[in-house]
Amino acid sequence: MDYVTLFAVIAAAGTVAGIISGLLGVGGGIILVPAFYYVFTGLGYHPEQLMQICVATSTGTIIVTSLRSVTSHHKRGAVSLELIKGWGPFIAMGSVLGVLAATVLHSDQLLLVFGVIGVCLGLYMLLGKKTWRISETLPGRGLSALYGGIIGFFSALMGIGGGSFTVPLLTAYNVPPHRAVGTSPGFGLLISIPGFIAFLLTGWGITGKPPGTVGYVNLPAVLLIMVTSLLTVPIGVKLAHSLSPARLRLVFAITVLVLAGNMLRKALVG
């Protein structure tokens, strides 16, 4: 019965997350981590490192969505292979370090990290301007390595594909928006694959985990999210075409602020 209930609720969450992902143009991690947290706690699972399980499971779902997205964008010539080659190794190393950091934090501490960064991202989406520029040219290798490491670290720590970091950063360096959006899923692969493997290899000593959890990764949830999101993302994409870009940005910002804000509230007041 635990398996049946878990599958049914996660499938419902995946359906909603898929629609939101297609509607808002994000990989879904910023939506899925809170969804997993609410589902697992609602079903009575309270392991010592519950947030790590939510983050790890979200990381697993990003692999397929990022691969599908970067392939589609590459066919349209919107992926910068030069950027992926230049920033990629540092993003991957940052991702592994982010997983290692996540495993030594208490669940409440990781909940706090997710809430704070999520609220900051939501505020940027709400108040930030597309015209903001750091430079008209891309940074040098040293600064690129620093950016890549930071992006990989915090993305793995939060269980997201990094698009919320990379797209604003690349556009601030005068990369065309469609190229920034197209390249971002490539970074997502370099975050999610090493992060997923690292999460599978850790967390074996944690008790009270939801059924089907290997290491920190809940495999049934990963599979269900993959299936349901692939089916429902097109619905969100269709809805997106009926809204203006400014309206979409507003919807995304409010959604992230509500979800991350509630996670922050839970971290601070329980």
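Bear in mind these aren't lab numbers, they're just calculated from the coordinates by the rules spelled out. Source: prediction; values computed, not measured. Heads up, the Cβs are rebuilt from the backbone with ideal geometry, glycines too, and the neighbour counts pull from every protein chain shown.
So what's the back-of-envelope 222 nm ellipticity for the chain, counting only DSSP H runs of four-plus at -39500 (n - 2.57) apiece and dividing by all residues, rounded to 500? Could the numbers behind the result be given before it?
Numbers: 10 runs with 208 residues, N = 270.
Using -39500 (n - 2.57) per qualifying helix, the result is -26500 deg cm²/dmol.
Step by step: find N for the chain, compute 2.2 N^0.38 Å, then divide the Cα radius of gyration by it. What's the final number? Spell out each step's value before the answer.
On the way: Rg = 17.4 Å, N = 270, 2.2 N^0.38 = 18.5 Å.
In units of the globular-protein estimate, the chain measures up at 0.94.
About its Cα centre, what dipole magnitude does segment 2-269 give when the only charges are +1 on Lys and Arg Cβ and -1 on Asp and Glu Cβ, stated in debye to the nearest 20? Working shown, then result.
Details: 15 positive and 5 negative charges, 166 e Å.
Here the size comes out at about 800 debye.
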Within straight cross-link reach of LYS238, meaning Cα distance under 27 Å, which lysines are found once same-chain residues fewer than 8 apart are removed?
-> LYS75, LYS129, LYS130
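Counting residues in segment 87-170 as N, plug N into 2.2 N^0.38 Å and put the Cα Rg over that result.
On the way: Rg = 13.7 Å, N = 84, 2.2 N^0.38 = 11.8 Å.
Expressed relative to 2.2 N^0.38 Å, the Cα Rg reads 1.16.
What ranking of TYR147, TYR3 emerges when the number of other C-beta atoms within 10 Å of each C-beta is taken as an exposure proxy, fewest first? Please list the in-between numbers first.
On the way: TYR147 20, TYR3 11.
Starting with the residue having the fewest Cβ neighbours, the order is TYR3, TYR147.
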Find how many whole Å separate the alpha carbon centroid of segment 188-264 from the alpha carbon centroid of segment 117-162.
-> 19 Å
Provide the packing ranking of 72-83, 188-199, i.e. peptides ordered by the mean count of other C-beta atoms within 10 Å per residue, highest first.
-> 188-199, 72-83
Rounded to a whole number of µm²/s, how large is the Stokes-Einstein D of segment 75-226 at 37 °C and 0.692 mPa s, given Rh as the Kirkwood radius over C-alpha pairs?
-> 200 µm²/s
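Starting from the Cα-Cα distance between LYS238 and LEU126, subtract it from 0.36 nm times their residue separation and give me the gain in nm to one decimal. Walk me through the numbers before you get to the answer.
Working: separation 112, 0.36 × 112 = 40.32 nm, distance 2.28 nm.
Between LYS238 and LEU126, full extension yields an extra 38.0 nm.
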By per-residue mean of other Cβ atoms within 10 Å, what is the highest-first order of 89-100, 33-44?
-> 89-100, 33-44
At q = 0.13, 0.21 1/Å the base-10 log of I(q)/I(0) from the Debye formula over the alpha-carbon atoms of segment 140-224 is -0.51, -0.97
Would you calculate the separation in nanometres between label points at LEU230 and LEU67, each defined as 7 Å from the Cα along the Cα-to-beta-carbon direction?
-> 0.9 nm
Work out how much length THR5 to ARG76 would gain on full extension: take 0.36 nm times their residue separation and subtract the Cα-Cα distance, in nm to one decimal.
-> 21.4 nm
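For the chain, what's the relative contact order in percent, using C-alpha pairs closer than 8 Å and at least 6 residues apart?
Numbers: 457 pairs, mean separation 103.7, N = 270.
This gives 38 percent for the chain.
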With the charge dipole of the chain built from beta-carbon charges (+1 for Lys and Arg, -1 for Asp and Glu) about the Cα centre, the Cα from LEU100, VAL251, SER229 projecting farthest to the positive end belongs to VAL251
Spherically averaged projected area in nm², based on the convex hull that wraps the Cα atoms of segment 9-116 = 7.8 nm²
Specify the residue with the greatest mean-square fluctuation among SER184, SER69, SER58, computed from a Gaussian network of the chain linking alpha-carbon atoms under 10 Å apart.
-> SER69
